[in-house]
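See structure below.
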Amino acid sequence: MKINRREFLKMAGASTLLGIGGGSIFELLAPGELEASRKEKPAGQRAAMVIDMSKFGADEYKRCIEACHAIHNVPEIPNPKHEVKWLWTENFGQVFPGHADEYMAEGLVGRPFLVLCNHCDNPPCVRVCPTKATFKREDGIVAMDYHRCIGCRFCMAACPFGARSFNWNDPRPFIKEPNHKFPTRTKGVVEKCNFCLERLADGDPPACVEKSNSALVFGDLGDSGSEVREILRKNYAIRRKPELGTYPSVYYIVGQG
Ligand code: SF4
Ligand code: SF4
């Protein structure tokens, strides 16, 4: 069941959510609000994902993560300090810091939220990369050329979402069943979600979307007729850390647990 704006504001303690310098650290996009936003893009220039938490059952998270990591040769490294992840879960307070308080609905606080690279419209990771190994494509996807990555980790320091992982070791011995259609990485290289650009090129949806039972929807924000636009027209949505001005392209519809 979805929650309405009033209930959500009550739970999130919105009255206290003003950032330093008056910048809002709270953003709740009302249905249709995106249409009036400053970041309107022409068709084909703003790939985006909507994560509808109200549609997630217990298994969907796992299926999405497994599919993503299997096709992208993401290694399973036992040492958590050296973990590599493209898609994973965190709790509400970690995903939306400043929005959680002790009076929030128990079901919401205790639930895992899927997180991934936000493919920000104003990505700090791209600005700091000295070799252009990280770049923003015409369609808005923030992509990487692993061969150009020199492992300086400036992009990791610049990303406020912890969306990037560093290969402290050779990842290849930790890949159970390598997918030979996708490149493996090497020691000293950064990696992250690529919005499945290799699948998009073949006309397929992102792997996580395919496995999500419609809880994830991918599309073009620049196309007013797209499914993502349709969903954002009809639902309240939030994005991560709006006060930082990175303009994430991943939107969350927060349902009650
Ligand atoms: S989430 Fe982080 S890695 Fe992804 S585009 Fe934004 S700043 Fe870059
Ligand atoms: S879009 Fe593709 S790469 Fe990104 S999390 Fe989903 S499956 Fe993984």
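Restricting the search to the stretch 111-145, which residues are within 15 Å of ligand 2 (Cβ to nearest atom), closer than 22 Å to residue 65 by Cα and of a type outside the set (Val, Ile, Thr)?
The answer is 112, 113, 114, 116, 117, 118, 119, 120, 143, 144.
Mind checking which residues of the stretch 144-188 are in contact with a strand residue (DSSP E or B) (Cβ under 7 Å, 6 or more places away or on another chain) and away from ligand 1 (no atom under 16 Å from the Cβ)?
Within the stretch 144-188, no residue meets the criteria.
Assuming residue 240 fulfils every condition listed in (1) in a helix (DSSP H, G or I); (2) open to solvent by less than 50 Å² (accessible area, probe 1.4 Å) apart from one, which condition is it?
It fails just one condition, (1).
Hand me the list of helices (runs of 4 or more DSSP H) wholly inside the stretch 92-174 holding 1 or more residues that are within 16 Å of residue 197 (Cβ to Cβ) and open to solvent by 10 Å² or more (accessible area, probe 1.4 Å).
124-128
Checking the condition in contact with a strand residue (DSSP E or B) (Cβ under 6 Å, 6 or more places away or on another chain) and at pLDDT below 85, which residue from 17, 114, 28 passes?
Criteria check complete, one pass: 28.
Within the stretch 99-109, does at least one residue satisfy the condition of being touching a Ser or Thr at 6+ places or on another chain (Cβ under 7 Å) and in contact (Cβ under 8 Å) with a residue 24 or more places away in the chain?
No, the conditions are met nowhere in the stretch 99-109.
From the set of residues in the stretch 215-252 that are within 16 Å of ligand 2 (Cβ to nearest atom) and of a type in the set (A, V, I, L, M, F, W, C), which is nearest to residue 163 (Cα to Cα)?
250
For the stretch 220-252, how many residues are more than 16 Å from ligand 1 (Cβ to nearest atom), among the aliphatic types (A, V, I, L, M) and out of contact with any helix residue (DSSP H, G or I) (no Cβ under 6 Å at 6 or more places or on another chain)?
3
Among the residues of the stretch 189-219, what is the count of those that are within 17 Å of the chain's Cα centre (by Cα), within 16 Å of ligand 1 (Cβ to nearest atom) and assigned to a loop (DSSP other than H, G, I, E, B)?
Total satisfying the criteria: 6.
The values are calculated or read from the model by the stated rules, or taken from the named source; none is laboratory data. Note that the structure is predicted; figures quoted are calculated from it, not measured. No Cβ is skipped: glycine too gets one built from the backbone with ideal geometry, and neighbour counts run over all protein chains shown. Just so you know, the surface numbers come from the protein's heavy atoms only, side chains and all, with ligands and any DNA or RNA stripped out. Shrake-Rupley method; radii C 1.70, N 1.55, O 1.52, S 1.80 Å.
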